[in-house]
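In what follows, a structure is listed as structure tokens, so that the remarks can point back to it.
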Amino acid sequence: MDVIVFINLNINLSLLKNVSSSVLLAIPCGHSYCMSCIQSFWDKKGKKKHHSCPQCRQTFAPRPALVKNTMLAALVEQLKLTGLQAVRSCLNCLVFCLTDQQCICILCTMDEHKGHETAPAAAERAKRQKELEENRQQIQKKIEDQEKELKRLQQEVKDACVSADEAVKSTEKIFTELITLLQKRRSEVKQQIRSQQEAQVLRVKEVQEKLEQELNDLKRRDTELEKLSHTEDHNQFLQSYASLSAPSDLADSSDKLQDILRDVETHTLQTVSSSRPEPKSRAEFLKYACEISLDPNTAFRTLKLSNENRAAIVWYEDESFTPSPERFSSCRQVLSRQSLTGRCYFEFKWAGIGIFVAVAYKSTKRGGRANESLFGFNDQSWALRCDIEHLSWKGAGYTFSHNKAETPVSSPQSYKLGVYLDHSAGVLAFYDVSETMTLLHRVQTTFTQPLYAGLGFFFCDGGDAEFCNLKDTE
């Protein structure tokens with residue numbers, strides 16, 4: 001054990017600051033003190049006959065003689081070199097009071113700090129030095145973690161700024177290209193409209209000149225007829241009247257003028273409509289979704305409607321059907337209540353073979369021979385027939401037909417199809433419904449009347465179809 005610690009633990013020793021070792025004295029009980037401390041202690045007791053040791057309380061009578069402790073004096077010289085500054089300026093602190101958390105000397109343990117929990121100052125320092133190092137390690141670890149987090153946040157801010165700058169730059173580029181494209185397309189559309197205008201104006205002027213010429217002829221004939229009406233010679237009247245009463249083709253010219261004006265309007269609308277991009281994704285198609293319900297008054301007598309008149313199935317003949325000029329009488333077909341104009345989109349599900357989905361004019365034939373009123377077999381309707389591939393007419397899952405002209409459509413089988421119509425642009429398209437939408441067949445034509453959606457069934461023994469409710473998917 002270190003000699004200084006040993007003395008601290010086992011010897012109740014008062015050490016004075018700047019005191020010579022020659023004044024370190026021992027009293028008869030064996031305890032040692034500096035001369036000024038022990039004399040001061042005994043002097044405070046007055047002129048009592050009995051004096052005691054501050055440490056062990058052994059009494060002496062009379063006041064004992066003081067003898068120098070030569071061995072302790074040598075040790076004190078070493079203690080002076082290593083001791084801490086005491087609370088009392090005259091002592092070295094070799095003890096730490098745990099109760100009051102301060103350094104004290106040996107005398108203090110017997111006086112102010114008597115009964116307190118104490119420990120050697122050096123040992124307590126070593127213990128707390130270890131705690132300090134552990135604290136520092138924890139703090140340094142937190143500092144390192146905080147610096148890493150700060151760097152990460154700074155990098156995030158930098159990345160966010162870079163990303164935002166790139167996004168702005170990309171957006172600017174996209175919108176610049178869009179603006180350029182729109183301006184170019186606008187210029188092209190305007191040019192097309194003006195070109196069509198010039199062509200139609202020329203046609204109108206030609207008809208106008210012809211009308212003016214015919215008008216002048218009519219006025220001349222009216223003058224001649226008026227003059228002829230005053231002729232008294234019967235023979236001359238009858239001969240002249242035969243040549244002057246020939247019918248005029250003015251009405252034909254007027255009809256041609258109306259046709260030209262209608263063509264101008266139709267072509268202008270088609271030109272403007274064609275400048276609008278068609279939808280690509282299902283979400284874009286659904287913006288034009290329309291609700292379809294079937295009209296019972298048009299349904300063939302063996303068709304049964306259900307599900308709020310959105311579904312149809314081939315069923316037994318219903319004798320309760322009342323005759324109606326609107327009802328199909330020779331084909332298993334039915335039309336919708338709603339007319340379709342502008343941009344429209346609807347979906348339908350089907351099962352069986354020989355199922356038709358169609359759009360048709362309201363004027364389409366309802367009776368007569370079957371091949372005259374069947375969807376797709378006249379100039380009033382456009383139809384897509386859906387078949388199971390191995391049972392289809394021409395080995396294809398679908399067949400498009402219009403005015404008896406049929407076009408096989410080869411595509412993987414799907415039992416849910418979408419129909420897109422842009423009436424003013426003359427576009428009719430059929431799609432396999434998915435998120436990306438697969439085009440099955442597209443038609444570019446001119447529609448002259450409002451259209452109606454229709455369902456048809458080629459066979460009498462099964463098959464059903466239903467228009468989907470798109471309200472919840474928009």
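How many of the residues making up the range 182-235 are under 30 Å from PRO277 (Cα atoms) and of a type in the set (S, T, N, Q)?
Qualifying residue count, the range 182-235: 8.
Give the residues of the range 294-324 that are part of a loop (DSSP other than H, G, I, E, B), in contact with a Lys or Arg (Cβ under 7 Å, 6 or more places away or on another chain) and either surrounded by fewer than 16 Cβ atoms within 10 Å (Cβ to Cβ) or of a type in the set (Phe, Trp, Tyr) (or both), sorted by residue number.
Correct list: PHE300, THR302, TRP315, GLU317, ASP318, PHE321.
When you scan the range 428-470, how many residues do you find that are part of a strand (DSSP E or B), loosely packed, with under 15 Cβ neighbours inside 10 Å and hydroxyl-bearing (Ser, Thr, Tyr)?
Selection size over the range 428-470: 1.
Looking only at the range 108-134, how many residues end up being in contact with a Phe, Trp or Tyr (Cβ under 8 Å, 6 or more places away or on another chain), closer than 24 Å to CYS37 by Cβ and not small (Gly, Ala, Ser)?
Of the residues in that region, 2 qualify.
A quick yes/no check of all residues on (1) at positive phi; (2) modelled with pLDDT under 75; (3) not aromatic (Phe, Trp, Tyr):
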residue	(1), (2), (3)
VAL201	no, no, yes
GLU209	no, no, yes
SER254	no, yes, yes
THR266	no, yes, yes
LEU269	no, yes, yes
SER274	no, yes, yes
TYR288	no, no, no
LEU303	no, no, yes
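For the range 309-342, which residues satisfy the criterion of being free of Cβ contacts under 8 Å to residues at least 40 places away in the same chain and not hydroxyl-bearing (Ser, Thr, Tyr)?
Scanning the range 309-342 gives ASN309, TRP315, GLU317, ASP318, GLU319, PHE321, PRO323, ARG327.
Here are some conditions: (1) in contact (Cβ under 8 Å) with a residue 40 or more places away in the chain; (2) farther than 29 Å from THR302 by Cα. TYR398 meets all but one. Which one does it not meet?
(2)
For the range 81-117, how many residues meet the condition of being surrounded by 12 or more Cβ atoms within 10 Å (Cβ to Cβ), among the hydroxyl-bearing types (Ser, Thr, Tyr) and modelled with pLDDT of 90 or more?
0
Got a number for residues in the range 384-427 being surrounded by fewer than 20 Cβ atoms within 10 Å (Cβ to Cβ), at pLDDT 90 or above and not in a strand (DSSP E or B)?
Count: 3.
Would you please name the residue that is nearest to GLY463 (Cα to Cα), looking only at residues in the range 332-354 that are over 36 Å from the mean Cα position of the chain (by Cα) and modelled with pLDDT under 90?
In this case the residue turns out to be GLY352.
The values are calculated or read from the model by the stated rules, or taken from the named source; none is laboratory data. Predicted, not measured: the structure shown is a model, and the values here were computed from it. Ideal geometry is used to build each Cβ from the backbone, glycine not excepted, and the neighbour counts take in all protein chains shown.
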